[in-house]
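Enquirer: Got a structure for you, written out below as structure tokens; questions coming shortly.
Nothing in this text is a laboratory measurement; each read-out follows from the coordinates by a stated rule. No experiment lies behind these values; they were computed from the predicted model shown. When we count neighbours, we look across all protein chains shown, and the Cβ atoms used for this are built from the backbone with ideal geometry, even at glycine.
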Amino acid sequence: MKVRDVMTRQVVTAAPTDSVQAVARLMVDTDTGAIPIEVPGVGNLVGIITDRDIVMRIVAEGRASTTAVSEIMTVGLEGCQEDDEIDEAARRMTELSMRRLVVYDAGRELSGIVTLAEIVAEQQRAARHGGGGRE
Amino acid sequence: MNDRLWSEAVILEAPDRQLRVESTRDADICLRRYWPVQDGRAWELAREACQRALAGHASPDSARRAFIEAAREAGFDLRAWT
């Protein structure tokens, strides 16, 4: 089973200068809990922000929702390829203590996000059906 | 895509609520999901203006101006310098 078979295809990004409030609305609108941060006009991916970041670093700390994303995002992105095996992606997440990786296509363009939960769900589905899943 | 920051944020205030909007994309989301009045003429024009700007057929500033009119129509207290 490949990452492409379980990943969430997503190309929406936010800018480092976007407010946390705006990014939270974007998460609601796109039904996602993690958004890669991209420098507008340049296209470089510089980090990622999750709904958990917003809860823990804005709400819990009593900071303003107008705080710029760059102040609370996780700098740097860990990724994998669409062609990678899901077991390999899961191992990488475990090693990095992360719950998601961004996914790049063959042209090294951002194509989505894969989460540990998506991989585990697929592995459980495959186990229930007594096989190794789709090859 | 012209979905990034406007030249100046628009801050909308209502009781127990403050929306700070800084881009056409965010304005479009606010109009669709967080707007108290979704049948006004200015709301309709603002949605169209946002769509045109997001498609690259109009400037972000034109969307911002239409958004401000929709905010007035909806009864928000408005904070914007321009």
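Enquirer: As I understand it, the dipole of chain A uses +1 on the Cβ of Lys and Arg and -1 on the Cβ of Asp and Glu, about the Cα centre. Which of A:Ile119, A:Val28, A:Leu77 lies farthest toward its positive end?
Expert: A:Val28
Enquirer: Next question, about the same structure. Going by Cα centres, the stretch B:3-72 and the stretch A:62-110 are how many Å apart?
Expert: 31 Å
Enquirer: If you don't mind, another one. With unit charges on the beta carbon (Lys/Arg positive, Asp/Glu negative), name the residue among A:Val55, B:Gly40, A:Val42 whose Cα is farthest towards the positive pole of the charge dipole of the protein assembly as shown.
Expert: Towards the positive end, the residue furthest out is B:Gly40.
Enquirer: Explain nothing, just the number: relative contact order of the stretch A:1-100, from Cα pairs under 8 Å at least 6 residues apart, as a whole percent.
Expert: Working: 120 pairs, mean separation 32.7, N = 100.
Once divided by the residue count of the stretch A:1-100, the mean separation gives 33 percent.
Enquirer: Average partner chain C-beta neighbours within 10 Å, per residue of A:71-82?
Expert: 0
Enquirer: Would you calculate the volume per residue, in Å³, of the smallest convex hull containing every Cα atom of the protein assembly as shown?
Expert: 149 Å³
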